[in-house]
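What follows is a short report on a single structure.
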Amino acid sequence: MLKTLMRVLLSACLLFQFGLAQAHDYPSRPVKLLVPFPPGGPTDVLARLVAQKLTDTLGQSFIVENRPGGTGTIASSAVAKAAPDGYTLLVASTSSHISPYLLRNSALDPMKDFTPVASVVDGPIAISVHPSYPGKSVKDLIDLAKANPGKYTYGTNGIGGTYHLEMELFKQQFGINLEQVPYKTSIEAINALVAGEIPLVYAPVGAVMPLVRAGKMRLLVVLDNKRYPDLPNVPAMGEEISGYQRIPTGLNFYGPAGLPPAISRRIHAEVVKALQSPDVPPKLKEFTFFGIGTSPEALAEQQVKDYAIIAKAVKAAGIEAQ
């Protein structure tokens, strides 16, 4: 028994030292950052900003690869199957790899197939409306939907996406009927609203602000429990709804399962350093992002809570695994 225990302890020590040695030499070749969205969107811009900083400080290229599609599963699956050495990472929100909730035979398990590395940034999401929409508040939205069941539609970035699930929780809580119009991307949904095809849209604040300033749409509410500091006149959903639960949308770094803790911590430390660079916060602010830099351990704890909310939202949406 004692010999067995000693062998286990020795193996653990060797693995720990091996991980430290890997972290010390990391990175010794280019690193791929997979993004589950097309080029040009907020996630892509953020990934490229951080990638450039990591390239500058670590002396190896951090290369962003866009692999959109499959509700995030194309990029997520590639990372899950990659070697756990830190050279293939995923840049995504918790909700970007939720296929187990949507696909009966999903090969992915978000709790087992990934190593949380760092929460990088977060940013406000809003319900924005066409100037002709009569509602001026969340209460108006609820009252109008109840008085006109099925009349009003809302645009999202796809069935089973973050914004669809967010609205389904909202609809369930207040017993209202709003019909989703799914688009391939948030940009398409925003353009549809500007064209007058839909009255409401869920989208990142950073993506709609130029249109808001131009008077082509207006912000109804920010989807958070407190107001966004740069939009003090726009109410937060948490002010309007007791017990409001937000679907997570912050962007995180993930590695494959089994990524050595020493490498996770090394990447986390460099991400934090990048976020603290003097020129990064102003650039993030242009897209209404703000840096977080949460540790691997804190991100792992948070995602347990996040997936509980996502599971509740999928059930509220009545989405059956296909």
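Side notes on the structure shown:
- Test: residue in the stretch 254-266 that is within 30 Å of ASN157 (Cα to Cα), touching a Phe, Trp or Tyr at 6+ places or on another chain (Cβ under 7 Å) and of a type in the set (A, V, I, L, M): yes
- Scope the stretch 274-285; condition more than 18 Å from the chain's Cα centre (by Cα) and farther than 16 Å from GLY86 by Cβ; matching residues: GLN276, SER277, PRO278, ASP279, VAL280, PRO281, PRO282, LYS283
- Sole residue being at pLDDT 95 or above, surrounded by fewer than 19 Cβ atoms within 10 Å (Cβ to Cβ) and not small (Gly, Ala, Ser), chosen from ILE63, ILE74: ILE63
- Residue ID - nearest to ALA316 (Cα to Cα), chosen from residues in the stretch 247-274 that are surrounded by fewer than 17 Cβ atoms within 10 Å (Cβ to Cβ) and in contact with a strand residue (DSSP E or B) (Cβ under 8 Å, 6 or more places away or on another chain): ALA257
- Residue, farthest from the chain's Cα centre (by Cα), within the stretch 178-193, restricted to residues that are β-branched (Val, Ile, Thr) and open to solvent by 20 Å² or more (accessible area, probe 1.4 Å): VAL181
- SER119 being within 22 Å of the chain's Cα centre (by Cα), of a type in the set (Ser, Thr, Tyr) and assigned to a strand (DSSP E or B): yes
- Taking first residues from the stretch 56-84 that are under 19 Å from GLU270 (Cβ atoms) and in a helix (DSSP H, G or I) and partners that are open to solvent by 30 Å² or more (accessible area, probe 1.4 Å) and charged (D, E, K, R), the Cβ contacts under 7 Å between residues at least 6 apart in sequence or on separate chains come to THR57/LYS273.
- Scan of the stretch 220-231 for residues that are more than 22 Å from LYS283 (Cβ to Cβ), of a type outside the set (D, E, K, R) and either without any contact (Cβ under 8 Å) to a residue 24 or more places away in the chain or open to solvent by 20 Å² or more (accessible area, probe 1.4 Å) (or both), ordered by number: ASN225
- Unique residue being under 30 Å from PRO282 (Cβ atoms) and modelled with pLDDT of 95 or more when the list is GLY41, GLY86: GLY86
- Within the stretch 219-256, the only residue that satisfies the criterion of being assigned to a helix (DSSP H, G or I), of a type in the set (D, E, K, R) and either within 22 Å of SER186 (Cα to Cα) or touching a helix residue (DSSP H, G or I) at 6+ places or on another chain (Cβ under 8 Å) (or both) is GLU240.
- Picking from residues in the stretch 275-295 that are assigned to a strand (DSSP E or B) and in contact with a Leu (Cβ under 9 Å, 6 or more places away or on another chain), the one that is surrounded by the most Cβ atoms within 10 Å (Cβ to Cβ) is GLY291.
- Restricting attention to the stretch 296-308, the residues that are within 25 Å of LEU165 (Cα to Cα), surrounded by 17 or more Cβ atoms within 10 Å (Cβ to Cβ) and modelled with pLDDT of 90 or more add up to 1.
- Of note, ALA313 does not satisfy the criterion of being out of contact with any Lys or Arg (no Cβ under 8 Å at 6 or more places or on another chain), assigned to a helix (DSSP H, G or I), among the aliphatic types (A, V, I, L, M) and over 30 Å from MET209 (Cβ atoms).
- Only one of GLY196, GLY175, GLY215 that is open to solvent by 10 Å² or more (accessible area, probe 1.4 Å) and either at pLDDT below 85 or closer than 21 Å to GLU240 by Cβ (or both): GLY175
- Count of residues meeting criterion [open to solvent by 40 Å² or more (accessible area, probe 1.4 Å) and hydroxyl-bearing (Ser, Thr, Tyr)] in the stretch 24-60: 2
The values are calculated or read from the model by the stated rules, or taken from the named source; none is laboratory data. Since this is a predicted model, take the numbers as computed values, not measurements. Note that each Cβ is placed from the backbone with ideal geometry, even for glycine, and that neighbours are counted across all protein chains shown. Just the protein is used for accessible areas: all its heavy atoms, side chains included, with ligands, DNA and RNA removed. Shrake-Rupley method; radii C 1.70, N 1.55, O 1.52, S 1.80 Å.
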